[in-house]
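For reference, the structure is listed below as structure tokens.
The values are calculated or read from the model by the stated rules, or taken from the named source; none is laboratory data. Computed from a predicted model, the values in this text were never measured in an experiment. Cβ coordinates were reconstructed from backbone atoms using ideal geometry, including for glycine residues, and neighbour counts include every protein chain displayed. Ligands, DNA and RNA are stripped out before the accessible areas are found, and what is left, the full protein with its side chains, is counted by its heavy atoms. Shrake-Rupley method; radii C 1.70, N 1.55, O 1.52, S 1.80 Å.
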Amino acid sequence: MKLKVVVHEAEEGGFWAEVPSIPGCATQGDSFEELLNNIYEAVEGCLSVDVEDIALSEKDRVMEIAV
């Protein structure tokens with residue numbers, strides 16, 4: 001899966017980034033390298049959903065796919 005990330009220079013120093021295709025998915029870092037590490041964690045957190053919180057019937061299936 002490829003996602004576009006918009007990187008901004010923060011006024012107070014460092015960087016912050018947002019992922020427009022995932023509303024609310026944003027992070028920051030004091031350096032660009034820290035920002036890159038943080039954006040991967042942010043995307044993973046935004047996309048992870050705990051299946052236990054979803055009501056499933058006996059006919060439902062849970063699948064993982066790669067895009």
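Here is a yes/no grid of residues against (1) open to solvent by 80 Å² or more (accessible area, probe 1.4 Å); (2) modelled with pLDDT of 95 or more; (3) in a loop (DSSP other than H, G, I, E, B):
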site: 3; (1), (2), (3): no, no, yes
site: 16; (1), (2), (3): yes, yes, no
site: 34; (1), (2), (3): no, yes, no
site: 49; (1), (2), (3): yes, no, yes
site: 52; (1), (2), (3): yes, no, no
site: 59; (1), (2), (3): yes, no, yes
site: 64; (1), (2), (3): yes, no, yes
Somewhere in the range 37-44, is a residue free of Cβ contacts under 8 Å to residues at least 60 places away in the same chain, open to solvent by less than 100 Å² (accessible area, probe 1.4 Å) and part of a loop (DSSP other than H, G, I, E, B)? no
